[in-house]
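Enquirer: Could you have a look at this structure, given as structure tokens, before my questions?
The values are calculated or read from the model by the stated rules, or taken from the named source; none is laboratory data. Values in this document were obtained by computation on a predicted structure and should not be read as measured data. No Cβ is skipped: glycine too gets one built from the backbone with ideal geometry, and neighbour counts run over all protein chains shown. To get the accessible areas, we keep the full protein, side chains included, count just its heavy atoms, and leave off ligands, DNA and RNA. Shrake-Rupley method; radii C 1.70, N 1.55, O 1.52, S 1.80 Å.
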Amino acid sequence: SLKAPDQFRPHHNLGVAYQKQGRLKEAIEEFEKALESKGVNRRTEKVVTYYHLGRAHYQLGDFHKAKGFYEQALQMDANLPQALADLAVLYGAEGNAETALAYLERAYGMDSENPYVNFNMGLHRMRQRETDRAEGHFVKASEAEAIKGSAHLYLGMIYKQKKQLDRAEMHLKSSAAAN
């Protein structure tokens, strides 16, 4: 009918809701329906759906599929900090530190204030034993509600290493409170 609603957005939004509830298989189904729907009017909408599909597969532990969807999102928008940061994590997990850093630096170049990007940059610096360089990234990451507990945990570890025990204790308490 002529009154047929734009089917893209309801499917996409339902997918996001399922994803937040951890109902990943259902989320993936909704994202796929969104991409198949006739009502996609803007490329920008699809980019976000590809990103969420990548994220859902990542959460399910299917890193190969996740990578494919992140790459698709980046083909449509080369400047998506979250997709760049997630790809960096995947390459890092595979032991490909060089490629991971390349993606991280691109993400950081796009959005140096992004807490999620900073958290991953902090982790990368920790793995490279560059504790001093990691510290500032975790401070920025601690501003985001979803990851502040983890960011404070790493800050606590950094200050413990530096023998700044009062600061270490403060961050470890903040981490415990957040989690």
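Enquirer: Going down the table (LYS33/LYS148; LYS25/LYS65; LYS33/LYS65; LYS20/LYS65), which pairs top 24 Å between alpha carbons? All intermediate terms of the calculation are to be shown ahead of the outcome.
Expert: Numbers: LYS33/LYS148 34 Å; LYS25/LYS65 13 Å; LYS33/LYS65 17 Å; LYS20/LYS65 20 Å.
LYS33/LYS148, as the Cα separations exceed 24 Å there.
Enquirer: Follow-up question, since we're still on this one. Rounded to a whole number, what % of the accessible area of the chain do carbon and sulfur atoms account for, probe 1.4 Å?
Expert: Numbers: 5180 of 10120 Å².
Percent of accessible area from carbon and sulfur atoms in the chain: 51.
Enquirer: Using a 1.4 Å probe and counting only protein heavy atoms, arrange VAL47, VAL139, VAL89 so the residue with the most accessible area comes first.
Expert: Working: VAL47 10, VAL139 65, VAL89 40 Å².
Greatest to least solvent exposure: VAL139, VAL89, VAL47.
Enquirer: Apply 1/(1 + (r/R0)^6) to the Cβ-Cβ distance of GLU29 and GLU98, taking R0 = 41 Å, and write down the FRET efficiency to the nearest 0.05. Display every interim value, and only then the final one.
Expert: Values: r = 36 Å, r/R0 = 0.88.
Once the sixth-power term is evaluated, E becomes 0.70.
Enquirer: Name the GluC sites (Glu not before Pro) in the range 53-120 that are in a loop by DSSP and that have at most 10 other C-beta atoms within 10 Å, would you?
Expert: Numbers: sites: GLU71, GLU94, GLU98, GLU105, GLU113; in loops: GLU94, GLU113.
Passing both the DSSP loop test and the Cβ count: GLU113.
Enquirer: OK, next. Could you estimate the translational diffusion coefficient of the chain from the Stokes-Einstein equation, with Rh from the Kirkwood formula over C-alpha pairs, at 20 °C and 1.002 mPa s, in whole µm²/s? Provide the component values of the computation, followed by the final result.
Expert: Values: Rh = 17.5 Å.
Result for D is 122 µm²/s.
Enquirer: Tell me, what ³J(HN,Hα) does each residue in the range 123-132 have, in order and in whole Hz, if you take phi through Karplus 6.51 cos²θ - 1.76 cosθ + 1.60 with θ = phi - 60° and put x for Gly and Pro?
Expert: Residue by residue, the range 123-132 yields 4, 4, 4, 4, 4, 7, 6, 9, 4, 4 Hz.
Enquirer: Next up: Explain nothing, just compute: Karplus ³J(HN,Hα) = 6.51 cos²θ - 1.76 cosθ + 1.60, θ = phi - 60°, for every residue of the range 143-151 in order, whole Hz, x for Gly and Pro.
Expert: Here the 3J(HN,Hα) series is 7, 8, 3, 5, 10, 5, x, 5, 4 Hz.
Enquirer: Using 0.36 nm per residue, how much length does the chain from ASP132 to ASP62 gain when fully extended, once their Cα-Cα distance is taken away? Don't skip to the end; give the middle numbers.
Expert: On the way: separation 70, 0.36 × 70 = 25.20 nm, distance 3.34 nm.
Contour length minus Cα-Cα distance gives 21.9 nm.
Enquirer: Rounded to the nearest 0.05, what FRET efficiency do GLN161 and GLU113 give with R0 = 22 Å and r taken as the Cβ-Cβ distance? Could you check?
Expert: Details: r = 26 Å, r/R0 = 1.18.
Efficiency at R0 = 22 Å is approximately 0.25.
Enquirer: Please turn the phi angles of the range 23-36 into ³J(HN,Hα) values with the Karplus equation 6.51 cos²θ - 1.76 cosθ + 1.60 (θ = phi - 60°), one per residue in order, whole Hz, x for glycine and proline.
Expert: 8, 6, 4, 5, 4, 4, 4, 5, 4, 5, 4, 4, 5, 7
Enquirer: Once the range 22-112 is represented by equal point scatterers at the alpha-carbon sites, with solvent omitted, what log10 I(q)/I(0) does the Debye formula produce at q = 0.12 Å⁻¹?
Expert: Ignoring solvent entirely, the Cα scatterers give -0.36.
Enquirer: With all distinct Cα pairs included, what does the Kirkwood hydrodynamic radius of the range 112-154 come out to in Å, to one decimal, could you say?
Expert: 9.6
Enquirer: What's the Kirkwood radius of the range 92-177 in Å, using all Cα pairs? Working shown, then result.
Expert: Values: mean 1/r = 0.0774 Å⁻¹.
Final number for the Kirkwood radius of the range 92-177 is 12.9 Å.
Enquirer: Could you work out the relative contact order of the chain? I mean the mean sequence separation of Cα pairs under 8 Å and 6+ apart, divided by the number of residues, in percent. Each step should come with its number before you reach the end.
Expert: On the way: 241 pairs, mean separation 19.2, N = 179.
Relative contact order of the chain: 11 percent.
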